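This report concerns only the one structure given below.
The values are calculated or read from the model by the stated rules, or taken from the named source; none is laboratory data. For clarity, every value in this text was computed on a predicted model and none was experimentally measured. Don't worry about glycine lacking a Cβ; one is built from the backbone with ideal geometry, like all the others, and counts go over all protein chains shown. Ligands, DNA and RNA are excluded from the accessible area calculation, which covers all protein heavy atoms including side chains. Shrake-Rupley method; radii C 1.70, N 1.55, O 1.52, S 1.80 Å.
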Amino acid sequence: MKVLLVEDDQALCQALAGALTEAGLLVETSDTGSDADFLVRTERYDVVILDLGLPDGDGTRWLAQWRDDGIDLPVLVLTARERWSDKAAGFSAGADDYVTKPFETGEVLFRLHALVRRSHGHAHPVLTVGDLRYDSHVGSVTRAGMPVTLTAQELRLLACLMRAAPRIVSRTELSEHVYDRDSEPDSNVIDVQVSRLRRKLGGERIETVRGQGYRLVAIE
């Protein structure tokens with residue numbers, strides 16, 4: 001999962017970004033609405049965590065603009081405002097969920113996974129493709145009931161393929177889910193990651209579609 005965290009409190013931003021990264025998420029950060037606005041229009045994210053009290057305008061202003069412009073990625077509002085009227089304003093602007101400060105990092109993590117699952121049409125926390133199962137709550141993968149150990153990058157890549165299955169996923173899309181915008185991976189790095197996944201999962205499970213990308217195949 002690739003997350004954009006929009007928060008101008010640097011201490012909170014670093015702490016939350018660090019905790020989410022430890023949980024296996026790919027996190028990029030922004031401390032202003034204008035910077036976040038540029039990023040959501042030029043980069044690919046699975047979900048946005050948006051603080052409402054930004055230095056260059058209320059978060060609801062930026063969120064409402066994204067919705068007006070057809071940007072429909074899930075948004076989790078993060079704020080210290082507790083009044084119902086403030087929450088209502090966030091939902092009216094297009095928020096998908098709401099967490100009030102102070103919060104437990106675990107709650108934020110669960111809500112993020114739920115938002116991304118729903119955005120891909122999955123209500124259950126466990127993704128299943130054939131005999132492959134990925135539990136997004138605990139970050140575990142099993143094949144035919146047996147646990148599979150994956151690195152954080154391999155897990156992000158597999159989760160992207162599972163959410164998209166049976167759709168073909170391009171190398172560019174996979175790269176955007178595995179590496180942040182400041183990284184410059186070699187052109188064959190996704191091929192290397194896919195090769196490692198094949199060794200762990202079975203070579204027949206990930207199909208290469210020449211000139212288009214990769215597709216996860218359901219094997220019972």
| said: Take Ala17 and tell me if it is assigned to a loop (DSSP other than H, G, I, E, B), of a type in the set (Gly, Ala, Ser), open to solvent by less than 30 Å² (accessible area, probe 1.4 Å) and free of Cβ contacts under 8 Å to residues at least 60 places away in the same chain. | reply: no
* To do: Determine whether the stretch 93-116 contains at least one residue that is among the charged types (D, E, K, R), closer than 21 Å to Cys13 by Cα, in contact with a helix residue (DSSP H, G or I) (Cβ under 7 Å, 6 or more places away or on another chain) and open to solvent by 30 Å² or more (accessible area, probe 1.4 Å).
  => yes
Filter the stretch 146-165 for residues that are open to solvent by 60 Å² or more (accessible area, probe 1.4 Å) and at pLDDT 90 or above; the one that is farthest from Thr42 (Cα to Cα) is Met146
The one condition Ser140 fails out of (1) open to solvent by 60 Å² or more (accessible area, probe 1.4 Å); (2) without any contact (Cβ under 8 Å) to a residue 12 or more places away in the chain; (3) closer than 30 Å to Arg196 by Cβ is (1)
Reported set for the stretch 75-92 where residues are over 18 Å from Gln65 (Cβ atoms) and open to solvent by 50 Å² or more (accessible area, probe 1.4 Å) is Ala80, Arg81, Glu82, Arg83, Trp84, Ser85, Lys87
Q) open to solvent by 30 Å² or more (accessible area, probe 1.4 Å), in contact with a Pro (Cβ under 9 Å, 6 or more places away or on another chain) and of a type outside the set (A, V, I, L, M): does that describe Ser170? A) no
*asked:* Going residue by residue through the stretch 35-54, is there one that turns out to be in contact with a helix residue (DSSP H, G or I) (Cβ under 9 Å, 6 or more places away or on another chain), under 20 Å from Arg118 (Cβ atoms), at pLDDT below 90 and assigned to a helix (DSSP H, G or I)?
replied: no
Of the residues in the stretch 20-44, those that are crowded, with 22+ Cβ neighbours inside 10 Å and of a type outside the set (A, V, I, L, M) come to Ser30, Gly33
- Message: Given the condition in a loop (DSSP other than H, G, I, E, B), at pLDDT 85 or above and not charged (D, E, K, R), answer yes or no: does some residue in the stretch 106-127 qualify?
- Response: no
Expected output for the stretch 71-97 (first residue farther than 24 Å from Phe38 by Cβ, partner outside any loop (DSSP other than H, G, I, E, B) and modelled with pLDDT of 85 or more, Cβ below 6 Å, 6+ apart or cross-chain) is Glu82/Thr100; Lys87/Tyr98
